[in-house]
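Let me begin by presenting the structure, written as structure tokens, before commenting on it.
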Amino acid sequence: MAAVDGQPAAVLDVSLDPVHDRNVNQLRTLNRCIFPVRYQDKVYADAMTAGEFSSLAHYTDIVVGGIACRCEKASGGARLYIMTLGVLPAYRGRGVGSQMVRNAIKLAEQDPNFLDVYLHV
């Protein structure tokens, strides 16, 4: 956790909004600000198809982070792939990314079809 004046920064209480056709461009803009690569349209289409697994993190009225997931078919079930996970620099170290990952894992655990959740770093 990031320190402020020698003290740990407080965890932000964010709200998570699923990615859909009306806010997918916010995820696209966020990713352009955070990552040095431009993701193809398929990433954003997959994120919308994943429903609640992909979300934007809002602190007050500001989008401060996003997670883009893809649901994949697997032998005996499904897998959840975390394609992107990012938080704006000013909000890092405040638990935003952890909240998004925990939410995606919780949703996968609630669906008996999901075998695992994974990502590449």
Q | Out of Arg32, Arg70, Arg28, sole residue that is over 20 Å from Val96 (Cβ atoms) and of a type outside the set (Gly, Ala, Ser) | A | Arg70
Q: Can you tell me which residue among Asp61, Asp17, Asp41 is more than 15 Å from the chain's Cα centre (by Cα), more than 19 Å from Asp116 (Cβ to Cβ) and at pLDDT 95 or above?
A: Asp41
(Q) Residue under question is Ile62, and the condition is that it be closer than 21 Å to Ala10 by Cβ, out of contact with any Leu (no Cβ under 6 Å at 6 or more places or on another chain) and among the hydrophobic types (A, V, I, L, M, F, W, C); does it hold? (A) yes
Q) Can you tell which of Leu30, Leu12 is open to solvent by less than 70 Å² (accessible area, probe 1.4 Å), in contact (Cβ under 8 Å) with a residue 40 or more places away in the chain and part of a loop (DSSP other than H, G, I, E, B)? A) Leu12
Q. So Ser55 clears everything in (1) out of contact with any Leu (no Cβ under 6 Å at 6 or more places or on another chain); (2) crowded, with 17+ Cβ neighbours inside 10 Å except one condition, right? Which one?
A. (1)
Q) Among all residue pairs at least 6 apart or on different chains, which show Cβ distances below 7 Å where the first residue, located in region 38-66, is within 12 Å of Asp17 (Cα to Cα) and in contact (Cβ under 8 Å) with a residue 40 or more places away in the chain and the second is open to solvent by 30 Å² or more (accessible area, probe 1.4 Å) and aromatic (Phe, Trp, Tyr)? A) Tyr59/Tyr91; Val64/Tyr91; Gly65/Tyr91
Q: Could you check how many residues of region 64-118 are open to solvent by less than 80 Å² (accessible area, probe 1.4 Å), more than 16 Å from Gly51 (Cα to Cα) and not in a helix (DSSP H, G or I)?
A: 13
Q. What number goes with the only condition from (1) touching a Ser or Thr at 6+ places or on another chain (Cβ under 8 Å); (2) at positive phi that Arg70 does not pass?
A. (2)
Q: Looking only at region 15-27, count how many residues are assigned to a loop (DSSP other than H, G, I, E, B) and touching a strand residue (DSSP E or B) at 6+ places or on another chain (Cβ under 9 Å).
A: 2
Q) If you take the residues in region 33-52 that are part of a helix (DSSP H, G or I) and in contact with a Gly (Cβ under 9 Å, 6 or more places away or on another chain), which one is surrounded by the fewest Cβ atoms within 10 Å (Cβ to Cβ)? A) Cys33
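The values are calculated or read from the model by the stated rules, or taken from the named source; none is laboratory data. Only a predicted model underlies this, so the values are computations on that prediction, with no experimental measurement involved. In this analysis, Cβ positions are derived from the backbone assuming ideal geometry, glycine residues included, and neighbour counts consider all displayed protein chains. Protein only, heavy atoms only, side chains kept; ligands, DNA and RNA dropped before computing areas. Shrake-Rupley method; radii C 1.70, N 1.55, O 1.52, S 1.80 Å.
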